[in-house]
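Trainee: Here it is, the structure, as structure tokens.
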Amino acid sequence: MEEVSNGRSPSGRATAAEPVVSALRDGIPSVGHMGVTGSSMPLTAAQKRAATGVLVDLRAGGAVWQHNGDCINADAHAGHAWKAMGGKLHLHPPTHDAKRAFQFAHASDSPRPYLDRNSDIVEASDVLVAMPKEFNEELRSGTWATVRRARKRKLPIIFVWPDGSTSIEWPAQAMDARSAETTGSARKGDSAVA
């Protein structure tokens, strides 16, 4: 994996004020479906601002569908912001309701166990936006399990870190095999729900 950011901060991550998606658009013809993963713990204020900025850039770049897991905090923030921008929301809810946000969406799958629905989010996406609660990868974390799944699938991953900085992780030739796909049209399961 090659991690690339706008490189203006000492940490190697871009500051929240720097657009990440211009770099993303240089590497991906268009992004129609984006996945979201993040903590069910509250996001920091800086992380919320940066995440909203990334979503604005993705929407301006042509992304239409957001796929998220319908959990409280990160998923709920991203889903609400996305719909406010005119984007379409496709939920992949978990079977356990304790941390569900119960968002209104344009499409929704049947509830599935956490790891299964996380795989569904990755499979439906051209790029993954990850909002972890920590800077270091953890083994027993749904957010990081989703990131690892996206790496296996060779998706670009936009990280929105707790301090509000952002970075993009590019897999080698991530988009070569995917560039022929249609990106703005609905995918299997993206039919509207009432």
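Trainee: So which pairs qualify, if the first residue must be in segment 136-159 and open to solvent by less than 30 Å² (accessible area, probe 1.4 Å), the second must be part of a loop (DSSP other than H, G, I, E, B) and hydrophobic (A, V, I, L, M, F, W, C), the Cβ gap must be under 8 Å, and the two must be at least 6 apart or on different chains?
Mentor: Leu155/Ala174; Pro156/Ile28; Pro156/Ala174; Pro156/Met175; Ile158/Val20
Trainee: Consider only pairs whose beta carbons are under 8 Å apart and that are at least six residues apart or on different chains; among these, list those whose first residue lies in segment 49-71 and is basic (Lys, Arg) and whose second residue is open to solvent by 40 Å² or more (accessible area, probe 1.4 Å).
Mentor: Pairs that qualify, where the first residue is basic (Lys, Arg) and the partner is open to solvent by 40 Å² or more (accessible area, probe 1.4 Å), are Arg49/Ala16; Arg59/Met85; Arg59/Gly86.
Trainee: Is it true that some residue in segment 161-177 is over 15 Å from Ala63 (Cα atoms), modelled with pLDDT of 95 or more, of a type outside the set (A, V, I, L, M) and more than 16 Å from the chain's Cα centre (by Cα)?
Mentor: Looking through segment 161-177, at least one residue is over 15 Å from Ala63 (Cα atoms), modelled with pLDDT of 95 or more, of a type outside the set (A, V, I, L, M) and more than 16 Å from the chain's Cα centre (by Cα).
Trainee: On to the next question. Out of all the residues in segment 96-129, which are open to solvent by 10 Å² or more (accessible area, probe 1.4 Å) and touching a residue at least 60 places away in the same chain (Cβ under 8 Å)?
Mentor: Selection gives His106, Ser108, Asp109, Asn118, Ala124.
The values are calculated or read from the model by the stated rules, or taken from the named source; none is laboratory data. Values in this document were obtained by computation on a predicted structure and should not be read as measured data. Because the Cβ atoms are built from the backbone with ideal geometry, glycine has one as well, and the counts that use them run over all protein chains shown. When the accessible area is computed, the model is the full protein with side chains, heavy atoms only, and any ligands, DNA or RNA have been set aside. Shrake-Rupley method; radii C 1.70, N 1.55, O 1.52, S 1.80 Å.
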